[in-house]
Each structure stands twice: as structure tokens, then as C-alpha cells.
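One structure, pasted below without further comment.
Computed from the coordinates by the stated procedures, all read-outs in this text should not be read as laboratory data. Quick caveat: nothing in here was measured; it's all calculated off a predicted structure. Reconstructed Cβ throughout: ideal geometry from the backbone, glycine too, with neighbour counts over all protein chains shown.
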Amino acid sequence: MPSDSIHFAYASTSMNWLSRKSCNITHQWAIRIHEVQQEEFQLWKQQAHDDYKLFLERRSKELKKR
């Protein structure tokens, strides 16, 4: 969206994907957090943090100023 163009918006499903794969998960069939190696978990957690921060920064630029 262009800068300074949106008064208000809401999207609940736009943040369920990461922008890239941080690393391969050793146990590919792990479905519970304790089944994933801690180092792998931290890499994915950091990627999610970085993506969400960038998402918020970009969305904030789209909002109309007062």
C-alpha cells in the first residue's frame, strides 16, 4: 500500500507464515515444542520476531497521519 493511505485496517491471517525457512528441523515430524532442538527453535523464534517487527514497521507507514 502507498504511504499515508490507510485510516484503519485489520487482518488476522496475514501473519501466519514466515518470510523464509530459518533452518531445517532435525526431527521433521516434531509437532510439540519439546521435540524440536533448542537451537532450531531459537532460529525460528528469531525469524518470527524479525518478520513481525518488519510487518508492523511497514503497516505503520501505510496508516494516515492525523
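Considering lysine pairs in the chain that are 8 or more places apart or on different chains, how many have Cα atoms under 17 Å apart? Mind showing how you got there, number by number?
Numbers: Lys21/Lys45; Lys21/Lys53; Lys45/Lys53; Lys53/Lys61.
Close lysine pairs found across the chain: 4.
Among Gln28, Gln46, Ser3, flag the residue with its Cα farthest along the positive direction of the charge dipole of the chain, charges on Cβ as +1 for Lys/Arg and -1 for Asp/Glu.
Among Gln28, Gln46, Ser3, the one farthest towards the positive end of the dipole of the chain is Ser3.
If all Cα-Cα distances of region 1-46 are sorted into 10 Å bins from 0 onward, what percent lands in each bin, rounded to whole numbers?
Computed distribution, short to long bins: 20, 36, 21, 16, 7.
I need the chymotrypsin sites (Phe, Trp or Tyr not before Pro) found in the chain, filtered to DSSP loop residues with at most 11 other beta carbons within 10 Å of theirs.
Loop-located and lightly packed - Phe8, Tyr10, Trp17, Trp29.
Something else now. If R0 is 30 Å, what FRET efficiency do you get for Trp44 and Tyr10 from their C-beta distance, rounded to 0.05? List each step's numbers first, then the result.
Numbers: r = 26 Å, r/R0 = 0.87.
With a Förster radius of 30 Å, E is 0.70.
Given a cut-off of under 8 Å on Cα pairs at least six residues apart, what relative contact order in percent is computed for the chain?
On the way: 43 pairs, mean separation 37.4, N = 66.
That works out to 57 percent.
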